[in-house]
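Written out below as structure tokens is the structure these notes cover.
The values are calculated or read from the model by the stated rules, or taken from the named source; none is laboratory data. If you're wondering where the values come from, they're calculated on a predicted model, not measured in any experiment. For neighbour counting, all protein chains shown are included, and Cβ atoms are generated from backbone atoms with ideal geometry for every residue, glycine included. Just so you know, the surface numbers come from the protein's heavy atoms only, side chains and all, with ligands and any DNA or RNA stripped out. Shrake-Rupley method; radii C 1.70, N 1.55, O 1.52, S 1.80 Å.
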Amino acid sequence: MENKIEEDEKIKKRKEKIKNWLKNPHNLALVGIFIFVILIRLYYFFLTKNQPLWWDEAEYMSTAKSFAGIIPLDYHLALNRFPGFPLLASLFYIVGINNEVVLRFLLAFIPSIITLVLMYFVLVSMYPDKRIALASTLIFSVLWEHVFYSNRFHTENLSLVFEFLAIIVLFRVY
């Protein structure tokens, strides 16, 4: 019985923290921006989910299939492409996730949203005014190139994730 009361108190405190956090207009704007970001990306995701692969993303994915053993290893690999993304994609093929729509969601859609979250945190670390981070995140969220790469098998969003993580470590740790 005491555990139930403690649980209820913890839930009540969390709800109060969330209400207080949402009272701040900057935080409310941040939530609005990310709802907008997710809606835009979902729209384009469902619009493009069944389109054929472009030649460059087809090179990445055929290399991934080659690394996973689906395509024979004597297949001509694209030597002008770095192997990091195909190696990551090949892990999904190895564990049995070979649906292109699921892979597009995991390897393109999710990293594009993570990129925007990390960009916001980088800018909050760099500038004392949160409005700069909010405006920059909003502008970057509708930038055609970032939206375009949010639905393609490519290295842009994943590389930005690691770049922003490196910058966060630089600003917060070093």
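Numbers below:
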{"item": "Test result for GLY69, on the phi > 0 side of the Ramachandran plot and either out of contact with any strand residue (DSSP E or B) (no Cβ under 9 Å at 6 or more places or on another chain) or at pLDDT below 90 (or both)", "result": "yes"}
{"item": "Close pairs (8 angstrom Cβ cut-off, 6 or more residues apart or separate chains): touching a residue at least 24 places away in the same chain (Cβ under 8 Å) and among the hydroxyl-bearing types (Ser, Thr, Tyr) in the range 81-96, open to solvent by 20 Å² or more (accessible area, probe 1.4 Å) and not in a helix (DSSP H, G or I) anywhere", "result": "TYR93/ILE70"}
{"item": "Pairs where the first residue, in the range 15-27, is without any contact (Cβ under 8 Å) to a residue 12 or more places away in the chain and closer than 22 Å to ILE132 by Cα and the second is assigned to a helix (DSSP H, G or I) and open to solvent by 90 Å² or more (accessible area, probe 1.4 Å), C-beta under 6 Å, 6+ apart", "result": "LEU22/LEU28; ASN27/TRP21"}
{"item": "Candidates ALA89, ALA135, ALA64, ALA108, filtered to the one that is surrounded by fewer than 17 Cβ atoms within 10 Å (Cβ to Cβ) and in a helix (DSSP H, G or I)", "result": "ALA135"}
{"item": "Unique match (being farther than 19 Å from HIS154 by Cα and in contact with a helix residue (DSSP H, G or I) (Cβ under 9 Å, 6 or more places away or on another chain)) among LEU30, LEU42, LEU87", "result": "LEU30"}
{"item": "Meets criteria (of a type in the set (Val, Ile, Thr), open to solvent by 50 Å² or more (accessible area, probe 1.4 Å) and either touching a residue at least 24 places away in the same chain (Cβ under 8 Å) or outside any loop (DSSP other than H, G, I, E, B) (or both)) for ILE35", "result": "yes"}
